[in-house]
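Every number in this text was worked out from the coordinates using simple rules, so none of it is lab data. Keep in mind that what you see is a predicted model, and the values were worked out from it rather than measured. Counting neighbours? That spans all protein chains shown, and the Cβs are built from the backbone with ideal geometry, glycine included.
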Amino acid sequence: KTVTVAIVGATGAVGETLLKILAERQFPVGTLHVLASERSAGEKLEYGARQLVVQDLATFDPTGVDIALFSAGGSISKEYAPKFAAAGAVVIDNSSVFRGDDDVPLVVAEVNPEAARNRPRGIIANPNCSTMQLMVALAPIHRAVGIERINIATYQSVSGTGRRALEELGKQTAGMLNFREVEPEVYPVQIAFNVIPHGGDFLDNGYTSEEMKLVWETRKILGDDSIGVNATVVRVPVFYGHSEAVHIETREKITAAQARALLEKAPGVEVVDEQVGGGYPTPVTHASGNDPVYVGRIREDISHPRGLDLWVVADNIRKGAALNAVQLAELVLREA
Ligand code: A2P
């Protein structure tokens, strides 16, 4: 049995990877609609051996779509996801607009798959990329000993911002190496050879929206509103792969060895933790282009009796977005 799938935002950084992952995992795709804005309507995209023509979302009729994967930004999801759901599709949405709604499940495939079944609006939300990899790494520890507090600093790649940001880093880097300054357009300041402590918008409490996503989404996914989360989100000049320096305080003490053993058998996790040069995961050596969430630098915090430190790296476009969305689609298929 095959299903009719629509990808909304198919020409984007995540859309491109959705196509790749559907093919890689041999998702039973019957008809596949690739949708984007009027600007790219008529362009051709490859899906395995098939050539698909991009259609304009604004004039597309969603009747007959079984599964719709949305990754075209919040305003597009807000307007079109309910229309696709009303036409009978299960919508898997990569934007943040529905994530906080009580009647929309927020699901990491390895962590809370059962939540995906309860979707009264026909919409399942895909978590933010930084939360995604954090949850895959921390859920096993939370279940074993309880997590009281999470302190996190992220080192996020530009692909999380979209295709234009990938181009901006490339152009700025090439420009700088040729003694030519390139004006920032996507980011407020130069991203090449720099780091920027700013993701999303500034909020009244002094945090940014990307930082607060880590707070709200962590609590919803782990089903525990008592977990404290303190985040600093930083953009770094890396193309693919987010890294996170994670410091947790657990309810019960867990040793580094116990945590390592737990993570070694955790689904979706790969431990890379040798105390030698290169014995830790990085975006370039491990994460980019690969599925697992890599965890290294596991050690007990010398400043806290129940503290543990970890370094968590994953491909933000794969596990952080497209891969999890396809895993959620697989969960939906398995229900039938
Ligand atoms: P398009 O290429 O036609 O602009 P990214 O996150 O990499 O920037 O990609 C965003 C995705 O969302 C692209 O596929 C883009 O299509 C799509 N998109 C942006 N605006 C619209 C719109 N108004 N209607 C449909 N798709 C849109």
Label the chain by shape, choosing from rounded, prolate and oblate, from the square roots a ≥ b ≥ c of the eigenvalues of the Cα gyration tensor; if a/c is under 1.5 it is rounded, and otherwise prolate applies when a/b is larger than b/c, oblate when it is not. oblate
To the nearest 0.05, what FRET efficiency results for ASP56 and ASN118 with a Förster distance of 41 Å applied to their C-beta separation? 0.80
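Only Cα pairs under 8 Å and at least 6 apart count here; give the relative contact order of the chain as a rounded whole percent.
RCO, the chain: 18 percent.
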How high is the relative contact order of the range 131-316, in percent, counting Cα pairs under 8 Å that sit 6 or more residues apart? 29 percent
Residue order, fewest to most surrounding Cβ atoms within 10 angstrom, among PHE84, PHE70, PHE239: PHE239, PHE84, PHE70
If I model a spin label as a point 7 Å beyond the Cα along the Cα-Cβ vector, how far apart are those points for ALA87 and GLU167 in nm? 2.8 nm
Could you pull out every residue, at least 5 positions away or on a different chain, whose amide H is within less than 5 Å of the one on ASP291? Hs are placed 1.01 Å off N in the peptide plane, and Pro or chain starts have none. none
Given the rule -39500 (n - 2.57) for each run of at least 4 DSSP H residues, summed and divided by the residues of the chain, what is its mean residue ellipticity at 222 nm, to the nearest 500 deg cm²/dmol? -9000 deg cm²/dmol
If each part is reduced to its alpha-carbon centroid, the range 8-80 and the range 198-276 end up apart, in Å, by 30 Å
If Lys and Arg each add +1 and Asp and Glu each add -1, what is the summed charge of the other residues whose beta carbon sits under 11 Å from the beta carbon of ALA259? -1
Which residues' amide hydrogens lie under 5 Å from the amide hydrogen of ASN128, considering only partners 5 or more residues apart or on another chain, with H built in the peptide plane? none
Compute the helix-to-body angle for 129-145: its Cα long axis versus the longest principal axis of the chain, expressed 0 to 90° and rounded to tens. 50 degrees
So what is the relative contact order for the range 225-336, in percent, with contacts set as C-alpha pairs under 8 Å and at least six apart? 30 percent
Indicate the gyration tensor shape class of the range 1-100 (rounded, prolate or oblate), computed on the Cα atoms with a ≥ b ≥ c the square roots of the eigenvalues: a/c under 1.5 is rounded; otherwise a/b larger than b/c is prolate and the rest oblate. rounded
Around ILE147, which amide H atoms from residues at least 5 apart in sequence, or from another chain, sit under 5 Å from its own amide H, with H modelled in the peptide plane? ARG251
Dipole magnitude (debye, nearest 20) for the range 131-316, charges at Cβ of Lys, Arg, Asp, Glu: 240 debye
For the range 11-20, what does the Karplus curve 6.51 cos²θ - 1.76 cosθ + 1.60, with θ = phi - 60°, yield as ³J(HN,Hα) per residue in whole Hz, taken in order and with x for Gly and Pro? 8, x, 4, 6, x, 4, 6, 4, 4, 4
In nm, spacing of pseudo-spin labels at GLU181 and SER40 (7 Å Cα→C-beta vector): 3.3 nm
Return the sequence-ordered ³J(HN,Hα) values of the range 111-128 in whole Hz as given by the Karplus equation 6.51 cos²θ - 1.76 cosθ + 1.60 applied to θ = phi - 60°, using x for Gly and Pro. 9, 9, x, 4, 5, 5, 5, 8, 9, x, 9, x, 10, 10, 9, 8, x, 4
In nm, what is the difference between 0.36 nm times the number of residues separating ASP301 and PHE193 and their Cα-Cα distance? 35.8 nm
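Could you tally the net charge around PHE60, taking each other residue with its Cβ under 14 Å from the Cβ of PHE60, Lys/Arg +1 and Asp/Glu -1?
Net charge in that neighbourhood comes out at -3.
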If you add up the charges near PRO292, with Lys and Arg at +1 and Asp and Glu at -1, over every other residue whose beta carbon is less than 14 angstrom from its beta carbon, what do you get? -3
Projecting each Cα onto the charge dipole of the range 131-316 (Lys/Arg +1, Asp/Glu -1 at the beta carbon, about the Cα centre), which of VAL158, ALA139, PRO283 comes out farthest on the positive side? ALA139
Could you give the angle, 0 to 90 degrees to the nearest 10, between helix 163-177's Cα long axis and the longest principal axis of the Cα atoms of the chain? 60 degrees
Provide, for the chain, the number of lysine pairs with alpha carbons under 19 Å apart, each pair being eight or more places apart or on different chains. 6
If you bin the C-alpha pair distances of the range 131-316 every 10 Å from 0, what whole percents do you get? 9, 35, 34, 17, 5, 0
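For the chain, give me the percentage of DSSP beta bridges that are antiparallel, rounded to the nearest 5 percent.
Given both bridge residues lie in the chain, the antiparallel proportion sits at roughly 50 percent.
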Applying the Karplus parametrisation 6.51 cos²θ - 1.76 cosθ + 1.60 with θ = phi - 60° to the phi angles of the range 297-314, what ³J(HN,Hα) value in whole Hz is obtained for each residue in order, glycine and proline being reported as x? 6, 6, 7, 7, 6, 6, 9, 8, x, 10, x, 9, 10, 9, 10, 10, 10, 8
